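Here is the structure we will look at.
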Amino acid sequence: MSAGSPVSISRTFVELAEILVTEYDLVDVLHLIAVRAQQILGVDAVGLLLADSHGGLSVVAASSELARVLELSQVQNTEGPCQDCFRTGHPVSSADLHSALGRWPSFAPEALASGFVAVHALPMRLRDELIGGMTLFTRTAGDLDAEVLAVGQALTDVAAIALLHERTLGQHNLLIEQLQAALKRRLTVEQATGVVAERTGVDVEEAFEMLRAHAHAQQRKLAELADAVIHDGETPPRLTSVEEV
């Protein structure tokens, strides 16, 4: 499996660089990084886990609902490739999850049942401090090319930059506060997504795209709209087709 064309990779990094010099929506940017990673790396799903104030990991973004559920499995069972990656600070791979049933007795069967056969995790760090990781899921067995892993690591680094952009990065307490704020916004968006899905009768993936499209149309932060959905009863309009990201 190889990475996308040099043109598509270049366009992705230019797109992200342009976003990072604006007053961007962090939750939206992390979701975009997960989606773009899936597209240009040629994998089948991508998830991002972020360190919390208790030293564990929490789900902060995913390219699909299936990826989010599997990332949540890693969090709840404290096992899986991204958990190992976060503990060691090194990339972790399983080219065939059938051989990892003993290593990850909860995560591996769930991933296999979801149709994924191989997983790869990349560390997210700021200087020498680990702050999370990216998980790549594929439906075919085998290792990823070195080029794919290198581009994936670069995208993971962009996620770290997005989290800590224009902050005083040397202060550990401020770093923890920033990570916690990102997780809190993500949880608010997830709660609002569930509310929209229940109100409109759509699945959670379409509900999330409805939120994103409405936030973009009104030039509002995604977390701000999510808060209005939860507390003020605001509901974004249905989409005629899911907005392209």
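Here are a few things to note about the model shown:
- Contact order normalised by residue count of the chain, Cα under 8 Å, 6+ apart, percent: 19 percent
- Residues D25, D84, D128, arranged from fewest to most other Cβ atoms within 10 angstrom of their Cβ, appear as D128, D84, D25.
- Note on the range 10-138: Rg/Rh from Cα positions, Kirkwood definition for Rh, rounded to two decimals, is 0.97.
- By the helix-only formula, in which each DSSP H run with n ≥ 4 contributes -39500 (n - 2.57) and the sum is divided by residues, the chain has a 222 nm mean residue ellipticity of -17500 deg cm²/dmol.
- Working ranking of peptides 67-76, 105-114 by packing, defined as the average number of other Cβ atoms within 10 Å per residue, highest first, is 67-76, 105-114.
- Only one residue of T193, S5, A108 has its Cα farthest out toward the positive end of the dipole of the chain, where Lys and Arg carry +1 and Asp and Glu -1 on Cβ, and that residue is A108.
Throughout, read-outs are computed from the coordinates displayed, never taken from laboratory work. Keep in mind it's a predicted model, so treat the numbers as computed, not measured. Methodologically, a virtual Cβ is constructed for each residue, glycine included, from the backbone with ideal geometry; neighbour enumeration extends over all protein chains shown.
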